[in-house]
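See structure below.
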Amino acid sequence: MRGRPTGGATFRGRPTGSPACRSPAYRRWLVATSAVIWATAAAADPTPPQYPAGATTFQANCAVCHQAKGTGNPALAPPLTTYPARYAANPEGRKQLAMTLINGMYGKIEVEQKSFDFRMPEFTQFDDATLATVLNFIIFDLDRAGDDTKPITAEEIAAERAHPTDGAAVRAHRDKVLAALGL
């Protein structure tokens, strides 16, 4: 047929750019469909995050490699549901968490008996408070740290930002933290 698109999105058999798709019926359908999608997502994880701002930043910047729930990507990046809560209970571990976000990290590491050889970027474009909320989202919402663990503060991030290093040194510090924690 002449003038009829051969592909693309449709609504009730009409291309989405057609007047029917700008109709009130289409808008009601779109709102209802969106509500179902959001309700399904909320039902899958009914507990709202303790650190919603950290969750938002994490989803926009970290989930692409570490996945939305921090479970990692076997071909790319380690899970964040194994060590962060343990790190947060130790002064050198807390330093490690801040160092990793500020300076990035590269080189081979092992998590849960799986090897990763990746290059995590540094996130210096974010302010100290934002980085603290991301770490707290990881520690408390993804890794489920106990109530006795103190949240990371913006001051801790600032202290590490004052001493920049490279990603290889961050990985070397990680090795020392793991040994001190017996991991």
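Taking a straight line from the alpha carbon of K108, these aspartates and glutamates sit under 16 Å away, with near neighbours fewer than eight places off in the same chain left out: D117, D166, D175. Each other residue within a Cβ distance under 13 Å of Q96 adds +1 if Lys or Arg and -1 if Asp or Glu, for a net charge of +2. Highest mean packing comes first when the peptides 163-174, 79-90 are listed by Cβ atoms within 10 Å, giving 79-90, 163-174.
Pairs of C-alpha atoms in the stretch 52-181 farther apart than 27 Å represent 7 percent of all such pairs.
Read the figures in this text as sums done on the coordinates, not as results from a lab. As the structure is a prediction and not an experimental result, all values here were calculated from the model. A quick note on method: Cβ atoms are made from the backbone with ideal geometry, for glycine too, and the neighbour counts reach across all protein chains shown.
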